[in-house]
Amino acid sequence: MHLRDALLVSLAKLPGSREFHLHVLVSFPRKHSNLYPFASQPRPRTYLQDVLILLSEQAGPDARRLFVSAIEASVYHIPSTSSAIVYVSKVDSTGQATAPSPTSTLVRAFLSYYANPSTRPLPVDHLWIHLFARAQSQYLFPNSADFPGKRPLTDVKLCSWWKRQLTSLAEELLDVKANGTTLSTRLYYLLPGLGELEASYSLGHAPGAPSSSVTWVYGHPYSQTDIPLPGISNRNAGATPHIGQIIPWFDDDPKARFIDEIAYTTEADGVKSPERKRPRMSDRRSGPRVSEEEDVQDKAVDKKDAHSQKEEQTTKTLRKVSVSEFWERMSFRQECIAGAITGFFVMAVSSNSPQAVARSEVSPLAPQPGQVAPQLIKRVLTSLMNGHEFPSVDRAAWSTKVLEESIRGLCDGLRTAPVANISGNVAGSDRSTPEPTLTRATPQTPPPRLIRVGHPVVDASPNPFPEPVASFETYNAYIYGSLTVDNPGLPRKTPAEAGDDGEPKVTVLTVRRKKRTKP
């Protein structure tokens, strides 16, 4: 089952009558070296996929389509440790959906697709879900905070919402332990600046707080040994890892910015004098003339030595900070104590199947059906963030129509776009001006970069698989899907929950004044 089909199956259970239109964009795997940028050599090979999910809703056959929910995420695959990481970057809604909002169902279905071993598209045994909860009025839909129907969650309610989603996912995975598969789940959360009792009290008394038997651990998962960490392989398991090897680096993440600050700030005042360069073996003026090839080799050795010294200095700096000290100092960061409560949530799912799976037959870089180029997702996301806004129903309907047509056009036009030809005579004129003919060249891998030495130096190995080309068939089979929901609506509130006019009862507490005793 593909991701689009799994999301549509979950949306079919929502109450009410409406029609959903879903667009799921998943990029093909590509090499990525920044998940653990400070890990010692050899670094684990990592492959990255971008995911963008856009959900629009249509209240009736004649109603206009409106974007209601969106998810932006990244999927990291580490074959050496049989692990994968799903990082949820942004989740947003426009507030224009019919009650109940499909955002919660969409998020749980997306996470369940990767967490459940029966639907997981990656051949891994361990899956990690990372997210950073920070309350904002809007994330992916510009100016949607101006819509009167949107009610953004506060900092405490947002952390409680994410904890409730992961709790529901863990309860769903309890039924997967059958069929001979051993499944273990671990849940961690940390609210910087709050102790365990304060965090438990804050989230426990928030509206809709989870009340389940699922066990949560208040802290970080980087000291446990039950589930292997993604960045620690068997080759470097003997040495004690530092924080750069166990804490993943994500874009727009406070952990990544703090690790960068620790790694590149080695002095108390944050300034370090440049290291002295290595003197040359012979001078051009006084000594014998050095050949051009020897000069290039000396520069390469100097550059390699400087890089190794810098890497060694960075590793020493990161080893000075323990994991516990890192999270203790994280509580004093401006991003975590700027007047609002933030939260780090991690969920680990480990499955050990009794049947061995041959995982060396398929390359991690092999594109799967329905996957698109990362530039297509980047183009759609840039258009969504910079060219559209959702402050009202009219503008949201126009933006939804333009974006959906753009996605369809990108998928259908990359292969069938006509070749531009501006040469020829102007109609109705005998004069002609020769113009160059614009032809679309086939994308090719650039040749290896040559230095002055005789052999080529290749910076990175190219992808042996051709880039998948989106088509209209791919759009209909994997990217776009629609679903008509016709279920019973939400149950009405009982008279005890509502007043005579149908509004909820509000109990007003009055202050009891203490009677003064006469002297």
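Structural remarks
- From the options ASP226, ASP260, residue that is modelled with pLDDT of 85 or more, outside any helix (DSSP H, G or I) and open to solvent by 40 Å² or more (accessible area, probe 1.4 Å): ASP226
- For segment 3-33, a tally of residues being touching a helix residue (DSSP H, G or I) at 6+ places or on another chain (Cβ under 9 Å) and more than 30 Å from ALA97 (Cα to Cα) returns 2.
- Residue within segment 162-171 that is outside any helix (DSSP H, G or I) and in contact (Cβ under 8 Å) with a residue 12 or more places away in the chain present: no
- For segment 56-77, the count of residues that are of a type in the set (Asp, Glu), surrounded by fewer than 20 Cβ atoms within 10 Å (Cβ to Cβ) and more than 22 Å from VAL469 (Cα to Cα) is nonzero.
- Selection status of GLY149, closer than 23 Å to ILE247 by Cβ and surrounded by fewer than 18 Cβ atoms within 10 Å (Cβ to Cβ): no
- Hits in segment 393-410 (condition: among the polar types (S, T, N, Q) and either open to solvent by 40 Å² or more (accessible area, probe 1.4 Å) or without any contact (Cβ under 8 Å) to a residue 24 or more places away in the chain (or both)): SER406
- When PHE132 is tested against (1) in a loop (DSSP other than H, G, I, E, B); (2) among the aromatic types (Phe, Trp, Tyr); (3) open to solvent by 10 Å² or more (accessible area, probe 1.4 Å), only condition (1) is not met.
- SER233 vs. criteria exposed (fewer than 11 other Cβ atoms within 10 Å of the Cβ) and at pLDDT below 80: no
- Residue list for segment 43-81, filter: of a type in the set (Asp, Glu) and within 19 Å of the chain's Cα centre (by Cα): ASP50, GLU72
- Residue in segment 190-217 that is modelled with the highest pLDDT, counting only those that are farther than 16 Å from TRP161 by Cα and of a type in the set (Ser, Thr, Tyr): THR215
- Residue count, segment 108-140 (criterion: modelled with pLDDT of 95 or more and more than 16 Å from the chain's Cα centre (by Cα)): 0
- Set GLY339, GLY370, GLY343: member being under 30 Å from ASP260 (Cβ atoms), in contact with a helix residue (DSSP H, G or I) (Cβ under 6 Å, 6 or more places away or on another chain) and of a type outside the set (Asp, Glu): GLY343
- Meeting the requirement of 2 or more residues that are in contact with a strand residue (DSSP E or B) (Cβ under 8 Å, 6 or more places away or on another chain) and farther than 30 Å from ILE259 by Cα, the strands (runs of 3 or more DSSP E) wholly within segment 17-92 are 46-58, 66-78.
The values are calculated or read from the model by the stated rules, or taken from the named source; none is laboratory data. Just so it is clear, the model here is predicted, and its values are computed rather than measured. Counting neighbours? That spans all protein chains shown, and the Cβs are built from the backbone with ideal geometry, glycine included. For accessibility, only protein heavy atoms count, side chains too; no ligands or nucleic acids. Shrake-Rupley method; radii C 1.70, N 1.55, O 1.52, S 1.80 Å.
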